[in-house]
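A short worksheet on the structure shown next.
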Amino acid sequence: MKRFVFLLFFAVFAVHTHMYGQNVAVKNNLLYDLTLTPNLSVEVGLAPKFTMDLQTGLNLFTLGDNKKLKHYLIQPELRYWFCERFNGLFVGAHAHGGQFNVGGFKLPFGWIPDMENHSYEGWFIGGGASLGYQWILGNHWNLEASAGVGYARITYDKYHCANCGTLVKSDKLNYLGVTKAAISLIYIIK
């Protein structure tokens, strides 16, 4: 996993040395903040209509009654801009990977109905495609909305309760669906 993270970091920041105009944007996903997950994205200009975005998130918190949504996420994305970089409509191709330890609460829409009384630990890897739009708010500030769909291969262990150690099962899951959702506040470094 360390090798994967290093290669990903190298690919995003070291492959392309010549940059244009607006070169770097630092972002915070406000939707991710709603899960109490500190997150940061860095987007780097590669060519007049291409950028590389690297989103990261890390949640190490355990709430009352051992409720937890502990995880880390790394999600690089190559973007093509229809107008100019950091302005207007874009499409992207992303990969993602991370680990999780979640449980002790009820999820909306009946998703994973037994999570309130169980915990899940594991990892995931996958990829997908996204569509988004950025609005210029000021000289250095933008707002972005984006969503993506794709695939994730999830390997997990299920435990009887959020703080117990009794293993119920180990399994794998092939997930197809939403793999990205963001409303991000952006600071552009010119």
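Readers should treat all values here as calculations from the given coordinates under stated rules, not as data from a laboratory. The model shown is predicted, which means the values in this text are computed figures rather than measured ones. Don't worry about glycine lacking a Cβ; one is built from the backbone with ideal geometry, like all the others, and counts go over all protein chains shown.
For the chain, the longest principal axis of the alpha carbon atoms and the long axis of helix 2-13 meet at an angle near 20°. Qualifying trypsin sites (Lys or Arg not before Pro) in region 66-118, where qualification requires a DSSP coil assignment and no more than 13 other C-beta atoms within 10 Å, comprise 106. Using R₀ = 25 Å, calculate the FRET efficiency as 1/(1 + (r/R₀)^6) where r is the Cβ-Cβ separation of residue 50 and residue 111; round to 0.05. Rounded to the nearest 0.05, the efficiency is 0.10.
The 3J(HN,Hα) values that the Karplus relation (6.51, -1.76, 1.60; θ = phi - 60°) gives for region 72-78 are, in residue order, 9, 9, 10, 9, x, 8, 8 Hz. Gly and Pro appear as x.
Across all Cα pairs in region 24-189, the calculated P(r) in 5 Å bins from zero up to the longest distance comes to 2, 9, 16, 20, 18, 13, 9, 7, 4, 2, 0 percent per bin.
Once you reduce region 126-190 and region 81-116 to the center of their Cα atoms, the two points are 2 Å from each other.
The lysines whose alpha-carbon is closer than 23 Å to the alpha-carbon of residue 27, local same-chain residues fewer than 8 away aside, are 49, 70, 180, 190.
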